[in-house]
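To keep things clear, I will list the structure first and then write my remarks on it.
The values are calculated or read from the model by the stated rules, or taken from the named source; none is laboratory data. Since this is a predicted model, take the numbers as computed values, not measurements. Note that we place each Cβ from the backbone using ideal geometry, even for glycine, and neighbour counts take in every protein chain shown.
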Amino acid sequence: MTMVDDFELLEKNGFRLIPYKTAKNEKQALKAADDLGYPVAMKIISKEIEHKTDVGGVKTGIKSPEVLKIAYAEMMENAKGFEVDGVLIQKMARKGVELIIGGKKDPQFGHMVVLGIGGIYVEIFKDVSARICPVEGMDVEEMISELKSHPIIDGARGERPLSKKAIQELVLKTCKFMIKKDIKEMDLNPVICDHSGCDIVDVRFRR
């Protein structure tokens with residue numbers, strides 16, 4: 001299974017994703033970016049690469065065909081030695097705070113949902129809160145308040161607070177989805193949120 005399979009599964013189950021297209025070569029990547037409209041992000045598609053960022057398999061803020069050609073060549077060079085199925089071209093997400101929303105199936109307690117600060121440093125900061133599914137809106141409010149970084153979500157240093165409604169909806173949807181599909185482990189990371197909503201940028205499953 002690849003990232004594209006994971007994206008398609010989310011879409012079939014009512015998750016709204018940032019517009020994206022797949023490409024097998026540079027020419028298709030240029031066409032996809034032109035169709036979507038710059039700026040775009042580009043990500044390697046490979047069953048053998050779990051953490052794309054670690055191998056230079058993610059390029060963001062691509063603003064022109066010329067930049068895309070350079071980024072594509074660099075990505076293919078970085079991916080030498082791996083089986084590559086193509087690239088995913090994705091509209092750039094909104095600017096905001098990176099969260100992780102996901103969970104896992106615990107052998108004893110069943111499905112648990114997790115909310116926390118996301119991005120590439122999620123395993124370093126480990127600022128997360130968890131609940132046993134199913135959850136309600138009040139549970140999500142409590143999860144947010146338990147985070148050490150909750151002032152960022154509430155709007156620190158004059159910044160507008162993040163949309164707690166959008167975060168809540170996504171946490172509830174994730175919980176229901178994990179139960180429905182009996183997902184063993186799931187990470188939506190990062191989910192970029194601002195005052196008006198959230199964008200799912202990447203996803204990883206273990207079924």
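Considering each residue of segment 181-202 in turn, none proves to be among the hydroxyl-bearing types (Ser, Thr, Tyr), farther than 21 Å from Val4 by Cβ and part of a helix (DSSP H, G or I). Selection within segment 31-49: residues that are charged (D, E, K, R) and in contact with a Lys or Arg (Cβ under 7 Å, 6 or more places away or on another chain). The member of this set that is farthest from Gly119 (Cα to Cα) is Asp35. Count of segment 91-109 residues, restricted to those that are in contact (Cβ under 8 Å) with a residue 60 or more places away in the chain and either farther than 23 Å from Arg160 by Cα or not in a loop (DSSP other than H, G, I, E, B) (or both), is 10. Could you list, in sequence order, all residues of segment 111-126 that are surrounded by fewer than 18 Cβ atoms within 10 Å (Cβ to Cβ) and free of Cβ contacts under 8 Å to residues at least 40 places away in the same chain? Correct list: Met112, Tyr121, Glu123, Ile124, Phe125, Lys126. Within segment 165-207, the set of residues being buried (at least 19 other Cβ atoms within 10 Å of the Cβ) and acidic (Asp, Glu) comprises Asp187, Asp199, Asp202. Among the residues making up segment 116-127, those that are outside any loop (DSSP other than H, G, I, E, B), within 16 Å of the chain's Cα centre (by Cα) and not acidic (Asp, Glu) are Gly116, Ile117, Val122.
So is Lys59 in a strand (DSSP E or B), touching a strand residue (DSSP E or B) at 6+ places or on another chain (Cβ under 9 Å), under 16 Å from Ile200 (Cβ atoms) and not assigned by TED's automatic domain parsing to the domain that holds Gly197 or not? No; evaluated as a whole, the condition is false for this residue.
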